[in-house]
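Undergrad: Sharing a structure, written as structure tokens. Questions coming.
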Amino acid sequence: MRLSDVLSKPPTLKFDQVEGFLGGKVLAAGKQRKVQEGKIALNYFCKHCTDVRTFCSSEEIYCIGVNKHLISIDCVLNCHCGTSVQVWFLVDCESDICERAPKIRILRRSEKLSSDVLSDNERYGDVSELLEKAQCAHRERLGAGAIVYLRKVFEKITVQTADATGIVYVKYEGGNPKNFSDLLKKVDERCSIIPREFSANGYRLFRELSNIVHGEYNEELALLKYESLHRLIIGILDNVKNNNELMAAIGSLGWNEGGYGDE
């Protein structure tokens, strides 16, 4: 695995071993070194292309020394149409980062998006902001905070689907979990918003999110579980998004502005 492979993945707590990229030489604090470690590739929604595209860096990456465990990396990623994104990484090493085969992880990642670029999550309409907040909280290592936003997304898309399809239910606004359980069951029976791969565990997903929110798990475990929980929430959103009849109903309520149902 190379440095660019790790930088092309979401930040995690796990260290990955990579080929040495500093030539075995110490990179002093504030000093810069150019390395060739392959292209960094991340997905964003490009307004010019009107679709999610892979934005790539050049083969050359510039590293700035922080200390013997940390380096800072600034780079520009480009869409094939020329639209660009500025991305900054803080890379942490388990031991000495100039070793021949260091174990590294992304400690922080920050993006500066132009007016022509949106987060990949923007395709999910008015829940996109909540998804982006979840991602930001996760990047800042705020596990419980990230999970709170995922649960809000789950609640919101379920309530919106019920309203769009005329399902009668006891009003739920972050209140009684039993009310949400009943609502989710009604919505899924009519609209099948839970992907079939875990259709029997839709409420279990909500309970898992709630357990973290209410302190049943520690912060580190919340961070470890985040990526899997995030993927399940995205699966629900994709299920709704790909249901043309349901999207037409949601669109009639004016909820598809800003990305939902644009494709």
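The values are calculated or read from the model by the stated rules, or taken from the named source; none is laboratory data. Computed from a predicted model, the values in this text were never measured in an experiment. Because the Cβ atoms are built from the backbone with ideal geometry, glycine has one as well, and the counts that use them run over all protein chains shown. Surface areas here come from the heavy atoms of the whole protein model, side chains and all, with no ligands, DNA or RNA. Shrake-Rupley method; radii C 1.70, N 1.55, O 1.52, S 1.80 Å.
Undergrad: The conditions are (1) under 18 Å from the mean Cα position of the chain (by Cα); (2) open to solvent by 40 Å² or more (accessible area, probe 1.4 Å); (3) not charged (D, E, K, R), and residue 32 fails exactly one of them. Which is it?
TA: Unmet condition: (1).
Undergrad: Here is a follow-up. Please find, among 74, 51, the residue that is more than 21 Å from residue 139 (Cβ to Cβ) and acidic (Asp, Glu). First the steps, then the outcome.
TA: Working: 74 fails: more than 21 Å from residue 139 (Cβ to Cβ).
Of 74, 51, the one residue that is more than 21 Å from residue 139 (Cβ to Cβ) and acidic (Asp, Glu) is 51.
Undergrad: Return yes or no: is residue 46 open to solvent by less than 40 Å² (accessible area, probe 1.4 Å) and either of a type in the set (Lys, Arg) or under 15 Å from residue 117 (Cβ atoms) (or both)? Before you say what the answer is, go through the steps one by one.
TA: Numbers: open to solvent by less than 40 Å² (accessible area, probe 1.4 Å): yes; either of a type in the set (Lys, Arg) or under 15 Å from residue 117 (Cβ atoms) (or both): yes.
Judged against the criteria, residue 46 is a match.
Undergrad: Also, quick follow-up: Would you tally the residues in the stretch 53-76 being open to solvent by 70 Å² or more (accessible area, probe 1.4 Å) and among the aromatic types (Phe, Trp, Tyr)?
TA: Residues that pass the stated criteria total 1.
Undergrad: Right, next: Every residue in the stretch 30-76 that is of a type in the set (Val, Ile, Thr) and not in a loop (DSSP other than H, G, I, E, B), please. Talk me through it step by step, then tell me what you get.
TA: Let us first name the residues in the stretch 30-76 that are of a type in the set (Val, Ile, Thr), namely 35, 40, 50, 52, 54, 61, 64, 66, 71, 73, 76.
Residues satisfying the conditions are 35, 52, 54, 61, 64, 71, 73, 76.
Undergrad: Report, by residue number, each residue of the stretch 8-27 that is under 17 Å from residue 90 (Cβ atoms) and either among the hydroxyl-bearing types (Ser, Thr, Tyr) or open to solvent by 30 Å² or more (accessible area, probe 1.4 Å) (or both). Write out each step before concluding.
TA: Step one: list which residues in the stretch 8-27 are under 17 Å from residue 90 (Cβ atoms), which gives 8-16, 18, 21-22, 27.
Hits for the stretch 8-27 are 8, 9, 10, 12, 13, 14, 15.
Undergrad: Identify, please: which residue in the stretch 13-29 is under 28 Å from residue 137 (Cα atoms) and in a loop (DSSP other than H, G, I, E, B) and is, among those, farthest from the chain's Cα centre (by Cα)?
TA: Per the stated criteria, the residue is 18.
Undergrad: Here is a follow-up. Out of the residues in the stretch 130-161 that are more than 21 Å from residue 194 (Cβ to Cβ) and basic (Lys, Arg), which is most open to solvent (accessible area, probe 1.4 Å)?
TA: 133
Undergrad: Okay, moving on. Which is in contact with a His (Cβ under 9 Å, 6 or more places away or on another chain) and farther than 21 Å from residue 29 by Cβ, of 81, 93?
TA: Of the residues listed, the single one that is in contact with a His (Cβ under 9 Å, 6 or more places away or on another chain) and farther than 21 Å from residue 29 by Cβ is 81.
Undergrad: Is the stretch 121-130 home to any residue that is modelled with pLDDT of 85 or more and in contact with a helix residue (DSSP H, G or I) (Cβ under 8 Å, 6 or more places away or on another chain)? Explain how you work it out, then say what you get.
TA: The initial filter retains those residues of the stretch 121-130 that are modelled with pLDDT of 85 or more, namely 130.
Remaining after also requiring in contact with a helix residue (DSSP H, G or I) (Cβ under 8 Å, 6 or more places away or on another chain): 130.
Checked the stretch 121-130: at least one residue is modelled with pLDDT of 85 or more and in contact with a helix residue (DSSP H, G or I) (Cβ under 8 Å, 6 or more places away or on another chain).
Undergrad: Can you tell me which residues in the stretch 192-209 are at pLDDT 85 or above and open to solvent by less than 30 Å² (accessible area, probe 1.4 Å)?
TA: Those that are at pLDDT 85 or above and open to solvent by less than 30 Å² (accessible area, probe 1.4 Å): 193, 194, 205, 206, 209.
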